[in-house]
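First comes the structure, then the notes that go with it.
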Amino acid sequence: MARHVDRGKERFWRRMVRQCQRSKLTNRDFCAEHGLAEPSFYTWRRIIAERDQQGTPTSLSDGHHFEDAQPVFVPVHVLPAPASSPLELVLDQGQVVRVPVGFDAATLRQLLAVLKEDPSC
């Protein structure tokens, strides 16, 4: 079962684990100096290692983590919407009614009513 990811906590603990690794202090001394509970430090260190090994979304393929990554902006080009195709109605007797974009609904209703009338009259 997947655990709920608290991104803020994970960022904090990743930063603490990195700082501890870079320091010349033992884990115990580092935790004492930073006011961290040792059991929490070890728990989060294990969780982070597991997530990195599983390739969870908190780590990037190059070994860096999302909180370390700089935002990437890509150019976006907005294209005009393609010209809408006209509607095409195929009626029971095979008649085809092509309705252009921007048609008048009242006129279309009248046309369809006329086409439904009994042609034998």
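The values are calculated or read from the model by the stated rules, or taken from the named source; none is laboratory data. Here the structure is a predicted model, which is why all the values come from computation and not from measurement. Please note: Cβ atoms are built from the backbone with ideal geometry, for glycine as well, and neighbour counts cover all protein chains shown.
For Arg51, state whether it is under 30 Å from Trp13 (Cα atoms), modelled with pLDDT of 85 or more and either assigned to a loop (DSSP other than H, G, I, E, B) or in contact with a Ser or Thr (Cβ under 6 Å, 6 or more places away or on another chain) (or both). It is true that Arg51 is under 30 Å from Trp13 (Cα atoms), modelled with pLDDT of 85 or more and either assigned to a loop (DSSP other than H, G, I, E, B) or in contact with a Ser or Thr (Cβ under 6 Å, 6 or more places away or on another chain) (or both).
Any residue in region 39-52 that is in the same structural domain as Asp29 (by TED's automatic domain parsing) and closer than 16 Å to Asp29 by Cβ sitting within a Cβ distance under 9 Å of a residue that is of a type in the set (A, V, I, L, M) and part of a helix (DSSP H, G or I)? List the pairs, counting only those 6 or more apart or interchain. Note: pairs meeting the criteria are Phe41/Met16; Phe41/Val17; Arg45/Met16; Arg45/Val17. For region 97-114, a residue qualifies if it is under 16 Å from Pro86 (Cβ atoms) and in a helix (DSSP H, G or I), and the qualifying residues are Ala105, Thr107, Leu108, Leu111, Leu112.
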